[in-house]
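For reference, the structure is listed below as structure tokens.
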Amino acid sequence: MKAIHLSFLLSIFLLPTILFAQEAESNGYIFPDFTDGIVFNKDGSRISAKLNYYTIEQKMLFKDAEGKIMEFGVPESVEAVNIKDRFFVNSGNGPFYEQIAVGETEYYVQWSAKILSSGKGVGYGGYSNTTAVTNLSGIGNAGDFTPLNADEKVMTLTECNYYLKIKNSFKKINSLKILVKLFKKQQAEIESFVSVQKIDFTKASDIAKVAVFCYPFTK
């Protein structure tokens, strides 16, 4: 399979609307249906599939050729996933984090949800078509992937945790207290910035400001 550079793929995209905590009737998926997308593996290969992210269990899922909902058998082999114009990177500890480009840097969103009530099931989403891409259902043995029955429609409480990537490690930045611990030498500057800008650590727009302001400190 044709190898591609992830740094080229993870370029700047439009900033999506992100909610810190919102109660909504939902099936727990980020996208309304399974959508065409691309899986970028750590070995440089890429795979086409119908994908969606299940926030309740924080798992990246796909539909096989028969329409069954599956999860990756070896998720640690995946580098990133592209669904429409949005990228999700492997956090290395289970969940995939959405990468949000802003200015010369980026921050990351860990999407999660809690079930409040349940109902009838609904559909999922998928991947975009590109050349030189292999269908996921044709990769590996049948035992490589595990079916997952998680299509129940539910009332969910969606929550987000925000991260910066510092020296190849994801660091949570959900509060001023946490932020100044990451950049102790710049504590006074950060405290002044947060105060003047009236930063709300539950708002994606304010997290974007924090990411840009702290970018020089990460070098």
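Consider ALA113 carefully, then state whether it is modelled with pLDDT of 75 or more and in contact with a Ser or Thr (Cβ under 6 Å, 6 or more places away or on another chain).
yes
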Condition set under 17 Å from the mean Cα position of the chain (by Cα) and assigned to a loop (DSSP other than H, G, I, E, B), scope region 172-201, selection surrounded by the most Cβ atoms within 10 Å (Cβ to Cβ): answer is ILE173
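Taking into account only those residues within region 88-104 that are crowded, with 17+ Cβ neighbours inside 10 Å and touching a helix residue (DSSP H, G or I) at 6+ places or on another chain (Cβ under 9 Å), which is nearest to PHE34 (Cα to Cα)?
PHE96
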Is there any pair with a first residue in region 146-171 that is assigned to a strand (DSSP E or B) and a second that is at pLDDT below 90 and aromatic (Phe, Trp, Tyr) whose Cβ atoms are under 6 Å apart and which are 6 or more apart or on different chains, and what are they?
-> CYS160/PHE20
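The values are calculated or read from the model by the stated rules, or taken from the named source; none is laboratory data. Values in this document were obtained by computation on a predicted structure and should not be read as measured data. With ideal geometry, Cβ positions are generated from the backbone for all residues, glycine too; neighbour counts draw on all protein chains shown.
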